[in-house]
1. Go through (1) closer than 19 Å to Leu152 by Cβ; (2) part of a helix (DSSP H, G or I) one by one and return the number of the condition Glu61 breaks.
2. Test of understanding: among Ala13, Ala40, which residue is at pLDDT 95 or above and exposed (fewer than 14 other Cβ atoms within 10 Å of the Cβ)?
3. Considering only segment 63-89, state which residues are closer than 12 Å to Glu3 by Cα and either at pLDDT below 95 or within 13 Å of the ligand (Cβ to nearest atom) (or both).
4. Under 6 Å between Cβ atoms, at least 6 apart or on separate chains: pull out the pairs that start in segment 43-67 with a residue that is without any contact (Cβ under 8 Å) to a residue 60 or more places away in the chain and end on any residue that is aliphatic (A, V, I, L, M).
5. Given the options Ile5, Ile37, name the one that is outside any helix (DSSP H, G or I), within 17 Å of the chain's Cα centre (by Cα) and either more than 12 Å from the ligand (Cβ to nearest atom) or farther than 26 Å from Val163 by Cα (or both).
6. Take the residues in segment 51-97 that are under 17 Å from Gln36 (Cα atoms) and of a type in the set (Ser, Thr, Tyr); name whichever of them is surrounded by the fewest Cβ atoms within 10 Å (Cβ to Cβ).
Amino acid sequence: MTEKIFLLGFMGAGKSYWGRQLAERLQLPLYDLDEQIVEAEGRTVAEIFTEKGEVYFRERERDFLHRLAEKPAFLLSCGGGTPCYFDNMAFMNQTGLTVWLNSSVSVMVERLLRKKYKRPLIAGLSDEALTVYVTQKLAERRPFYEQAKLILNTDALTADHFVEKIIHA
Ligand code: S3P
């Protein structure tokens, strides 16, 4: 089994939640790409977007992706946009096992409504506009997410089943 696992998915797909569940069961160290950037920059993701711009954030995201990928074994919870910039998706596929957590729009919107303010791309949207945004953005990003080696619908997924799929992949 490859020991370099990238968790991918849209905002609100449950990457952090599943990261914690799997790290314990697979006994792998868990990293969060956003957290690494936030720590290094000493600012929140929202502040980085406002003060330095999204292009700067995407460059840092790529740098940290490459840096973390050098570790011998890990579970990495990526940002929702990580697979969609530069050659990040190809790089992750060459490096290890990519897993797309494919959740339904309604489940993601439900989760995001409570945590909009943390995410600069959706912070300014009304609750009604959020469903439209998630639907459109997901359609744009789907071609990237679909390149993942393992695709799992997380709406009714159990941790045991998830671990089994990863071991078989
Ligand atoms: C983003 C998702 C966020 C964070 C940034 C941009 C995106 O991560 O990287 O706000 O482009 O979808 P989460 O998916 O962990 O919210």
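1. (1)
2. Result of the check over Ala13, Ala40: Ala40.
3. Of everything in segment 63-89, just one residue is closer than 12 Å to Glu3 by Cα and either at pLDDT below 95 or within 13 Å of the ligand (Cβ to nearest atom) (or both), namely Leu76.
4. Phe57/Ile48; Arg60/Ile37; Phe64/Leu33; Phe64/Ile37
5. Working: Ile37 fails: outside any helix (DSSP H, G or I).
Just one listed residue meets the conditions, Ile5.
6. Ranking the candidates gives Tyr56 first.
The values are calculated or read from the model by the stated rules, or taken from the named source; none is laboratory data. The structure presented is a predicted model; accordingly, all values stated were derived computationally and were not measured. Heads up, the Cβs are rebuilt from the backbone with ideal geometry, glycines too, and the neighbour counts pull from every protein chain shown.
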